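Worksheet: the structure to be examined is printed underneath.
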Amino acid sequence: RRSSDLLDVSDHHLVLEPAVGTGNLLTKIKNNDIFAYDKDKRCLDYVLGYRDIHAYNEDYLLSESKQYDRIISNPPYLKYNQYDVKAVKEFFKNQYGILIPGNINAYQLFVIKGLFELSHLGKAVYLIPSDWYSPYRESYFQNFLMTQKYLKYIILYDENTPVFEDNMSSACLLMFDKQYHGEPIVKKIVYESSQTLNDIMCLPDYTKPEIDDGMILLSDVMQVKRGIATGANDWFVGNLSKFNDFP
């Protein structure tokens with residue numbers, strides 16, 4: 001809630017909401033220079049019914065690139081087979097000179113495109129699933145984010161805390177600030193509906209648990225991958241002799 005608190009929007013800012021829906025994220029933003037996209041015309045008509053916006057009834061991922069001072073979004077969670085991957089890959093290659101993988105989730109593409117459109121003093125806040133985040137594995141999206149030195153905050157909601165009433169996905173907030181240059185600050189919180197983002201910013205930074213003496217990371221000695229989901233677990237279990245070489 002109140003993710004607009006972090007954006008510090010002024011009257012002269014151009015604001016982007018690339019998947020506006022019913023416009024809930026815009027309620028605290030008084031600026032009228034809001035550029036809102038949605039493929040569902042009913043959503044745009046609904047928002048236009050109670051405030052002035054620049055409404056675009058089209059696919060944001062294939063839209064003409066512009067520059068924005070502020071971006072706020074809770075983008076759609078669409079798997080690669082739920083949108084036009086071929087057209088989006090071609091667009092990103094021609095527009096931004098990057099080759100995106102063919103199995104990337106749409107919400108990640110919303111973030112990537114938005115960062116290309118953020119002005120030199122811009123700020124952006126995205127509410128997305130946290131399935132991309134893991135300190136011990138790499139993905140295209142994770143590598144891309146780590147190259148953006150203006151990723152200021154990664155706020156991870158506790159995985160047992162449902163942020164969305166109708167969605168079981170784990171959630172996180174990403175905050176970008178073009179004036180920030182450094183490592184991302186990670187916070188891990190238990191979400192409470194009464195909390196504002198300003199409350200969250202006052203919480204201690206999250207640090208990884210320390211490894212005790214005599215312990216190692218499994219990732220130092222082995223790779224773990226998901227097997228065939230048959231339920232025949234005995235078939236996959238190794239015997240003790242396989243591990244005799246490890247202390």
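The values are calculated or read from the model by the stated rules, or taken from the named source; none is laboratory data. Model, not experiment: these values are computed from the prediction. Glycine also receives a Cβ, built like all others from the backbone with ideal geometry; neighbour counts cover every protein chain displayed. These area figures cover heavy atoms from the full protein model, side chains too; ligands, DNA and RNA do not enter into them. Shrake-Rupley method; radii C 1.70, N 1.55, O 1.52, S 1.80 Å.
Per residue, the stretch 1-97 exposes an accessible area of 56 Å² to a 1.4 Å probe, with every protein chain left in place. Beyond 32 Å in Cα-Cα separation lie the following of the pairs LYS28/LYS66; LYS89/LYS152; LYS30/LYS93; LYS113/LYS187: LYS30/LYS93. Relative protection proxy for 179-188, 114-123, from highest mean packing down: 114-123, 179-188 (other beta-carbon atoms within 10 angstrom).
Need one word for the stretch 50-104: rounded, prolate or oblate. Basis is the Cα gyration tensor (sqrt eigenvalues a ≥ b ≥ c); a/c below 1.5 gives rounded, then a/b vs b/c decides.
Prolate shape, in that a/c is at least 1.5 and a/b is the bigger ratio.
Relative contact order of the stretch 9-124, taken over Cα pairs closer than 8 Å and 6 or more residues apart, is 26 percent. Specify whether the C-alpha gyration tensor of the stretch 22-143 places it in the rounded, prolate or oblate class, a ≥ b ≥ c being the square roots of the eigenvalues: rounded for a/c under 1.5, otherwise prolate if a/b is larger than b/c and oblate if not. Prolate, since a/c reaches 1.5 and a/b exceeds b/c.
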